[in-house]
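Below is one structure, written out as structure tokens, with a few remarks after it.
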């Protein structure tokens, strides 16, 4: 799978049996710099998108729990771009480093549910959230350049 600097895509372990599944989503040893700040869920309606920004100090992890998402990433330092579609069935975890623009769009017909984990708590006084145009989904069919 193609990656760019500042993005790490790894699988998580799923234990399945006749009752269902247990997913081991995050472990402290995933990144030597891992600090826990907060966890949140987003739900996104079909054809809607979230993001279009970057953080200078935040590191985030995203896991698709329900549905299918098209993720866009743009590393502001290296100018590398990546677009990848991920389904809840892929068992993938995406780590997004600081200075990497990111967004995602619901590609399915059902509600998209994404788990996000940040290494810092969101601070309304200093949001550390800056617009990033190359990852926005405002125009249908917009291609990363």
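The values are calculated or read from the model by the stated rules, or taken from the named source; none is laboratory data. Bear in mind that the values here come from a model prediction, so they are computed numbers and not experimental data. All Cβ positions, even for glycine, are placed from backbone atoms using ideal geometry, and neighbour counts span all protein chains on display.
Summary table
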read-out	value
Residue tally, condition farther than 16 Å from residue 50 by Cα and in a strand (DSSP E or B), over segment 88-111	3
Filtered residue count, segment 19-38, keeping only those that are modelled with pLDDT of 75 or more and either under 20 Å from residue 57 (Cα atoms) or not in a strand (DSSP E or B) (or both)	5
Selection status of residue 43, outside any loop (DSSP other than H, G, I, E, B) and either within 28 Å of residue 126 (Cα to Cα) or at pLDDT 95 or above (or both)	yes
Residue in segment 46-82 that is surrounded by the fewest Cβ atoms within 10 Å (Cβ to Cβ), counting only those that are on the phi > 0 side of the Ramachandran plot and assigned to a strand (DSSP E or B)	52
Count of residues meeting criterion [surrounded by fewer than 15 Cβ atoms within 10 Å (Cβ to Cβ) and within 14 Å of the chain's Cα centre (by Cα)] in segment 9-24	2
Residue in segment 124-138 that is crowded, with 18+ Cβ neighbours inside 10 Å, in a loop (DSSP other than H, G, I, E, B), in contact (Cβ under 8 Å) with a residue 40 or more places away in the chain and on the phi > 0 side of the Ramachandran plot present	no
Failed condition for residue 85, given (1) within 26 Å of residue 126 (Cβ to Cβ); (2) surrounded by 11 or more Cβ atoms within 10 Å (Cβ to Cβ)	(1)
Test result for residue 100, surrounded by 20 or more Cβ atoms within 10 Å (Cβ to Cβ) and farther than 30 Å from residue 15 by Cα	yes
Failed criterion for residue 16 (all others in (1) farther than 15 Å from residue 86 by Cβ; (2) assigned to a strand (DSSP E or B); (3) modelled with pLDDT under 85 hold)	(3)
Qualifying residue in segment 86-96 (condition: modelled with pLDDT under 95 and over 16 Å from the mean Cα position of the chain (by Cα))	no
